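Single-structure report; data block below.
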Amino acid sequence: MKQEKACKIRLVKLLEILSQDSDEDNYISTPEVIAKLAAQGIDCDRRTLYDDIDVLNEFGYEVLCEKSPGKPNRYCIADRSFDVPELHILMDAVQAAGFITPKKTEVLVDKIAALGGSHRAELLKNNIVNFNTAKHTNEQIFYSVNEIGRAIMEGRKVSFFYFDYNAKKQKIFRKNKQRYVVNPYATVFNNDNYYLASYNEKYDDTAYYRIDRMENVVVEEEGRVLPKDMKKHDLTKRKKELFGMFVGRTERVKIIFDNKLIDSVLDKFGEDAHLAAVENGKTELITSVQISNQFFGWVCQFGKDMKIVSPTSVTEEFSEYVEGISSLY
């Protein structure tokens, strides 16, 4: 029994060595593998190593062997969950995500790089570009995400304190620091921030809370309440309607814009958005949006190249919004 256990441990350590110290560009020789095993107190001879390599290959780990006359065999493991470009994308995403604190960013980048093995980890980290992203400082965010995920899995409510910052960068808690108690059903990443989507049973609507603005998240004993019609609260659809996660009434609007803005419109509404060509180099979009100042601000950034055509109620609100800004100058 002891021998069987030792064999299992040796296989695990061999796999760790091959994963960390070899890749298609950096093979590791038989003597090097044996020496690394010995450094961890594991005895292994050449024949045993060959047998163990065969076992790993048999179970799908794809250990490549390079043989040369008069030289020791050299090995590398080719079966990895991620290749270098995929790891690079993940590292860039972590670097660019504002809700991940600087301290946690460094930890996560190291962990992702290590998935490529020791040789590629160095290469990946040397190619990191600093996005100069404004990072949040709430170190509780990963604890909060964990508790929210647990509440969703267990079908329970969550509660938390919710705060904003004042001009002195002090936390000002909403509701006089009374706990929010909500029905969580998803987390959403949008515009560099991480949000909790929760069901507001009183208004049969979705409410969004920035997770980095939460404190002391607790999973409640009480079961959560979900809408009878979840399709109505489909986040994929609603994300296209929302601007900056600000909720408003939903309206079917018609927008006409210059053709040079087609890419920007598709970036927002998705490539399945219904566009129709109109005269004078213009394009028409008819879509559902949630009316808010953030939506109006999005339209304003394009100046005279974009116009809300209908409905009249929305065009009048937009006109008041623009006049309100103009009155400040």
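So if I check each of I172, I152, which one is over 24 Å from K104 (Cβ atoms) and modelled with pLDDT of 85 or more?
None of the others qualify; the one that does is I172.
Scanning region 44-59 for residues that are over 40 Å from the mean Cα position of the chain (by Cα) and outside any helix (DSSP H, G or I), which turns out surrounded by the fewest Cβ atoms within 10 Å (Cβ to Cβ)?
Of everything passing the filter in region 44-59, D45 is surrounded by the fewest Cβ atoms within 10 Å (Cβ to Cβ).
Restricting attention to region 252-280, which residues are of a type in the set (V, I, T), free of Cβ contacts under 8 Å to residues at least 40 places away in the same chain and in a strand (DSSP E or B)?
Once the filter is applied, which keeps residues that are of a type in the set (V, I, T), free of Cβ contacts under 8 Å to residues at least 40 places away in the same chain and in a strand (DSSP E or B), region 252-280 yields only V278.
Restricting region 80-117 to residues that are basic (K, R) and surrounded by fewer than 16 Cβ atoms within 10 Å (Cβ to Cβ), which is modelled with the highest pLDDT?
K103
Considering each residue of region 12-43, count those that are part of a loop (DSSP other than H, G, I, E, B) and surrounded by fewer than 19 Cβ atoms within 10 Å (Cβ to Cβ), and give that number.
Result for region 12-43: 7.
Considering region 137-172 alone, what residues qualify as being aromatic (F, W, Y) and touching a residue at least 24 places away in the same chain (Cβ under 8 Å)?
Passing the criteria: F142, Y143, F160, F161, Y162, F163.
Mind checking which residues of region 281-303 are part of a strand (DSSP E or B) and not basic (K, R)?
Residues satisfying the conditions are T283, E284, L285, I286, T287, S288, V289, Q290.
Go through C76, C65 for me and flag whichever is part of a strand (DSSP E or B) and within 21 Å of A114 (Cβ to Cβ).
Matching residue, one of C76, C65: C76.
One residue is enough: does region 270-289 have a residue meeting the conditions buried (at least 16 other Cβ atoms within 10 Å of the Cβ) and modelled with pLDDT under 85?
So far as region 270-289 goes, no, none of its residues is buried (at least 16 other Cβ atoms within 10 Å of the Cβ) and modelled with pLDDT under 85.
The values are calculated or read from the model by the stated rules, or taken from the named source; none is laboratory data. As the structure is a computational prediction, the values presented were derived from the model and not from experiment. Because the Cβ atoms are built from the backbone with ideal geometry, glycine has one as well, and the counts that use them run over all protein chains shown.
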